[in-house]
Amino acid sequence: MKRETLCVQGGWAPKNGEPRVLPIIQSTTFKYDNSEEMAMLFDLKKEGYFYSRLQNPTNDAVAKKICALEGGVGAMLTSSGQAANFYAVFNICEAGGHVVASTEIYGGTYNLFNVTMRKLGIDCTFVNPEASEEELQKAFRPNTKVMFGETISNPGCNVLDIEKFAAVAHRNGVPLIIDNTFATPINCRPFEWGCDIVTHSTTKYMDGHATQVGGVIVDSGHFDWEKHADKFPGLCTPDDSYHGLTYTKAFGKMCYITKLVAQLMRDLGSIPAPQNSFLLNLGLETLHLRMPQHCKNAQAVAEFLHDDDRVAWVNYSGLEDNKNHELATKYLPNGSCGVLAFGLKGDRNTAIKFMDALKLVNIVTHVADARSCVLHPASHTHRQLSDEQLREAGIAPDLIRFSVGIEAAEDIIDDIRQALDAIK
């Protein structure tokens, strides 16, 4: 089925007499008639539901829909996008391991790799995504387990050369994980360009209405874990917590997702509530309609800002003179997303005055919403960093992240114009 149809009907196929709309199975447990059936579930010898921390029918239906949209073999929902990125890496990278990650990633993910995972014994080297393959290669070590990047970076809005990253990762026998939150599978499917595992903060465009927090991990099934078995003992050697079961041998292409559910979710438990998954599914049903409108509006806003003398710079890949335009034409031919970055002539205070003068557009921490919103990372999410530290993280001190919604473009631009007028 086409992506448009999958958005509407993927994941849930009701049988005769069942609800047409995906039901909310708000239950912690599931009943069985005898002990042997339950035992087989705990031994991973049979599929089924017994406790919602591991699997839930509502959650699984939504995971299947997203999996189909991305073209993967299996997926697992998490309670947040941050949890998804942690699980995706920790599933194959334990203490003593090493990650190579782009510097152009969400600040929360940067801190996850740079601070928290180091406390768990996992080291990380950050690389400039614009570096050559030869330069990227220098970051790899014998204990490197994974490479990580974002299709469109948050908040910088730069486009990743996925094929380049995939080539370097595979040359070193490790998978490439891509956070595809901003592009969504409507505008880019990273698996088609060599990526192995995709993550999303479903809180953003997939939901689209700011009603739930969630994440998802999708596996392509393409990476050959057994070929690099020495790097991934967690998948390729017996798991003592399941009577010596080896995931690659028992589950084939589903080994990565099965281990995520059976081991990490079992032990760490970052599950989404079925109610949240139900709300996420409602958002997914219109994702294919909303994304083109976000892109159309963002293009109009970017062109307006580009031509205004009070604006110092604009970063949106839809602009023909943008440094990302060539990569966007390759990876995102139907449009990138509704988020753009720009800076105003002046200082930090200029950005604050501009945002405070906005009326239609709200100042919120959120992004990728049906409603237009704005944020100044240097004053808000990254206010603890100096200007030098901001630049090291790929964030200009004057950067304003503008998430263009699906209102009338003329109304959004009018609000921007009056806010610019107000800072004279």
Selection over the stretch 298-326 where residues are open to solvent by 10 Å² or more (accessible area, probe 1.4 Å), assigned to a helix (DSSP H, G or I) and out of contact with any helix residue (DSSP H, G or I) (no Cβ under 6 Å at 6 or more places or on another chain) yields a count of 5
Expected output for the stretch 205-230 (first residue more than 26 Å from G173 (Cβ to Cβ) and without any contact (Cβ under 8 Å) to a residue 24 or more places away in the chain, partner surrounded by 17 or more Cβ atoms within 10 Å (Cβ to Cβ) and of a type in the set (A, V, I, L, M, F, W, C), Cβ below 9 Å, 6+ apart or cross-chain) is none
Would you confirm, using the coordinates I've provided, whether C295 is farther than 30 Å from H209 by Cβ and open to solvent by less than 30 Å² (accessible area, probe 1.4 Å)? no
Inside the stretch 33-86, the number of residues satisfying the requirement of being part of a helix (DSSP H, G or I), open to solvent by less than 40 Å² (accessible area, probe 1.4 Å), within 20 Å of Y256 (Cβ to Cβ) and of a type in the set (S, T, N, Q) is 2
The number of residues in the stretch 399-413 that are open to solvent by 40 Å² or more (accessible area, probe 1.4 Å) and touching a residue at least 12 places away in the same chain (Cβ under 8 Å) is 3
Report task. Could you tell me whether any residue of the stretch 62-75 is over 22 Å from E150 (Cα atoms), of a type outside the set (D, E, K, R), out of contact with any helix residue (DSSP H, G or I) (no Cβ under 7 Å at 6 or more places or on another chain) and assigned by the TED database to the domain that holds E150? Result -> no
Just one listed residue, out of T5, T29, is of a type in the set (S, T, Y), without any contact (Cβ under 8 Å) to a residue 60 or more places away in the chain and closer than 17 Å to G283 by Cα, and it is T5
- Evaluate the following for T116: is it more than 27 Å from A370 (Cβ to Cβ), outside the structural domain of G343 (by the TED database) and not in a loop (DSSP other than H, G, I, E, B)? yes
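The values are calculated or read from the model by the stated rules, or taken from the named source; none is laboratory data. Everything quoted here is computed from the prediction, not taken from an experiment. Note that we place each Cβ from the backbone using ideal geometry, even for glycine, and neighbour counts take in every protein chain shown. The accessibility values were calculated without ligands, DNA or RNA, using every heavy atom of the protein model including side chains. Shrake-Rupley method; radii C 1.70, N 1.55, O 1.52, S 1.80 Å.
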